[in-house]
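The values are calculated or read from the model by the stated rules, or taken from the named source; none is laboratory data. The shown structure was predicted, so the numbers you read here are calculated from the model rather than taken from an experiment. Heads up, the Cβs are rebuilt from the backbone with ideal geometry, glycines too, and the neighbour counts pull from every protein chain shown. Ligands, DNA and RNA are stripped out before the accessible areas are found, and what is left, the full protein with its side chains, is counted by its heavy atoms. Shrake-Rupley method; radii C 1.70, N 1.55, O 1.52, S 1.80 Å.
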Amino acid sequence: MQTETLVGLVSGLGGALIGSIGALGGAWMQQRSQAKNSKQERDEQRALASGEVALNELLRLNQLTDSVVRGTAEENWREQASELVRHAEIAIRVIPNSFDLRETMAHYFFAMQHYRFVGNSPALATMTLRTASAEGVNALAAFLRGDELPKHSETFLAMERRIQGAYMRDLAS
């Protein structure tokens with residue numbers, strides 16, 4: 001074979017090899033990008049669905065506290081409240097990429113789960129549940145909108161300190 005033919009053959013094979021590697025690399029990068037976009041879309045859908053569940057449970061909790069204030073609540077309203085809080089907390093825990101939200105909501109859930117430590121009267125209980133759930137709704141709504149999470153209100157912080165103090169005294173006794 002002539003040198004020119006060999007050079008052409010080697011150049012052609014080299015070009016084909018480089019072209020196929022480039023095509024495989026491009027296909028791999030495109031597949032990876034599609035997988036990443038697909039995961040992000042699934043995470044967003046899961047966040048929206050779980051966020052809606054949590055919002056509904058917190059709104060149902062507010063309706064329950066309304067019925068306590070009106071005197072129309074069932075006798076087991078405290079158990080119902082605990083169940084609603086538990087469902088909302090579980091829904092928040094499964095929201096992907098939401099560490100800040102979970103951390104913020106943990107304060108509200110603590111208050112909602114330990115509201116009895118501010119006193120045993122239905123008025124104190126409903127005030128505590130309503131304050132914590134309303135702030136939770138605001139934080140969750142901000143998260144779902146993509147806004148910055150709101151800070152805890154002074155009212156909530158004072159209430160949380162009272163609950164934590166009573167809770168710690170109860171643990172110590």
Taking region 142-173 and keeping residues farther than 22 Å from T126 by Cα and open to solvent by less than 80 Å² (accessible area, probe 1.4 Å) leaves A142, F143, L144, G146, D147, L149, P150
Looking at (1) more than 30 Å from S82 (Cβ to Cβ); (2) open to solvent by less than 90 Å² (accessible area, probe 1.4 Å), which one does E57 not meet, given that it meets all the others?
(1)
If R116 meets every condition in (1) modelled with pLDDT of 90 or more; (2) closer than 17 Å to V68 by Cβ apart from one, which number is that one?
(1)
Criterion: under 40 Å from the mean Cα position of the chain (by Cα), over 30 Å from A111 (Cβ atoms) and part of a helix (DSSP H, G or I) - qualifying residue of E4, E41, E52, E83
E41
Counting only residues that are without any contact (Cβ under 8 Å) to a residue 40 or more places away in the chain and open to solvent by 70 Å² or more (accessible area, probe 1.4 Å), which one in region 95-122 is farthest from the chain's Cα centre (by Cα)?
N120
When the residues of region 37-54 are filtered to those that are aliphatic (A, V, I, L, M) and open to solvent by less than 60 Å² (accessible area, probe 1.4 Å), which remaining residue is nearest to M112 (Cα to Cα)?
A54
